[in-house]
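In what follows, a structure is listed as structure tokens, so that the remarks can point back to it.
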Amino acid sequence: MNIDMEMQAVMDNLPAWLEAISSEASHLGFEQKRIREIELALEEALVNVVSYAYDKPGGMVRISSFIDEAHALWCIQIEDEGKPFDIETTGEPDLDAPLEERQIGGLGVYLIRKLMDGVCYERKGTRNVLTLSVHLPDGRP
């Protein structure tokens, strides 16, 4: 049961993407707490794409998933043709700084990194490809 869905990069499509991922995660045997973590990371990534990838409405986002059996991982890919944004070059936020001195933004990327077992960004031609991966329950493929 792999996911492969492409829809416009609009907030109205967020529930459909999250429901598809949640359903597959449940099917794969993830516990509810882990499913909520996966949903939160995916939501953060998708909100960033919807909010910042495209200068004008109409851009598309493809969500797909697959099992990496060699590493016992479930991988979720988010692809868009928006502006390049390498999540791997985003620095860690200073969580010890007083709230009024912290920079705006950056916490979503921080959350994604903390919640996922792996985060990988590639620019393939005109496409951003963000792969979020989590270890399969019990390490089984």
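The values are calculated or read from the model by the stated rules, or taken from the named source; none is laboratory data. As the structure is a computational prediction, the values presented were derived from the model and not from experiment. Accessible surface is based on the protein model in full, side chains and every heavy atom, while ligands, DNA and RNA are left aside. Shrake-Rupley method; radii C 1.70, N 1.55, O 1.52, S 1.80 Å.
Sorting Lys83, Lys56 on solvent-accessible area from highest to lowest, probe radius 1.4 Å, gives Lys56, Lys83.
Note on Met116: accessible area approximately 10 square angstrom, rounded to 10, probe 1.4 Å, nucleic acids and ligands left out.
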